[in-house]
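Working notes, beginning with the structure itself.
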Amino acid sequence: MTINYEKILRCYMAMVGEAEGVDFVPSANDPATGLSDVEFNELLRLASDGRRQAGATPPLSLHFNKVAAQGELTITRLDVLPKIVGEEVKAEKGFLIVGHSETGHHHVVDAGCATLTRVDPFTAFLNVRKATRLVHQREYDTHPAIELQPGVYQFRTGREFDPFEKVIRVSAD
């Protein structure tokens with residue numbers, strides 16, 4: 001797929017309030033922006049890199065239609081909850097940990113708004129009953145929160161191969 005950087009730049013300018021006549025928050029597969037999921041994630045990466053270099057703070061939260069990413073997590077909105085063979089995750093301090101971090105800066109949602117079922121270390125399903133946000137629990141160099149509307153979401157955790165130990169493991173955040 002070819003990425004249209006001119007379109008991405010226009011959306012980025014809108015995000016930071018520098019585009020005339022454009023007043024929207026870009027989201028993936030949104031007719032207003034025409035961004036594909038791949039272009040939207042590239043926009044988020046570029047925006048995140050630019051804000052880090054400028055010392056600016058990221059937006060409070062992002063919206064998406066079908067696919068988004070937060071760190072090592074890829075989030076896909078599903079039409080229906082599949083038959084799941086897995087374990088329901090218990091809340092910790094009022095949060096469901098969707099993505100664990102080796103530094104303790106987890107990716108979490110409010111436990112009162114959703115149910116999380118983990119299938120394996122790389123796959124989980126979140127059934128959101130009440131609108132909530134996926135939040136990265138780190139005060140510095142953090143990922144923007146992602147708005148989750150009621151519905152079903154699949155979370156896939158990135159994998160990496162360690163050639164020295166010859167194992168596949170969860171990507172480090």
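The values are calculated or read from the model by the stated rules, or taken from the named source; none is laboratory data. Since the model is a prediction, treat every value here as computed from it, not as a measurement. So basically every Cβ, Gly included, is an ideal-geometry build from the backbone, and we count neighbours across all protein chains shown.
Descriptive notes on the structure:
- Checking each residue of the range 87-110 against the condition of being loosely packed, with under 14 Cβ neighbours inside 10 Å and hydroxyl-bearing (Ser, Thr, Tyr) gives at least one match.
- Some residue of the range 115-124 being of a type in the set (A, V, I, L, M, F, W, C), modelled with pLDDT of 85 or more, under 20 Å from Gln149 (Cα atoms) and touching a Lys or Arg at 6+ places or on another chain (Cβ under 6 Å): yes
- Scanning the range 57-81 for residues that are assigned to a loop (DSSP other than H, G, I, E, B) and either of a type in the set (Gly, Ala, Ser) or without any contact (Cβ under 8 Å) to a residue 40 or more places away in the chain (or both) gives Thr57, Asn65, Lys66, Gly71.
- Of the residues Arg169, Arg138, Arg133, the single one that is modelled with pLDDT of 85 or more and charged (D, E, K, R) is Arg133.
- Reported count of residues in the range 103-155, each being out of contact with any strand residue (DSSP E or B) (no Cβ under 9 Å at 6 or more places or on another chain) and part of a loop (DSSP other than H, G, I, E, B), is 6.
- Screening Ile84, Ile97 for residues that are assigned to a strand (DSSP E or B), farther than 11 Å from Tyr153 by Cα and in the same structural domain as Thr157 (by TED's automatic domain parsing) leaves exactly one candidate, Ile97.
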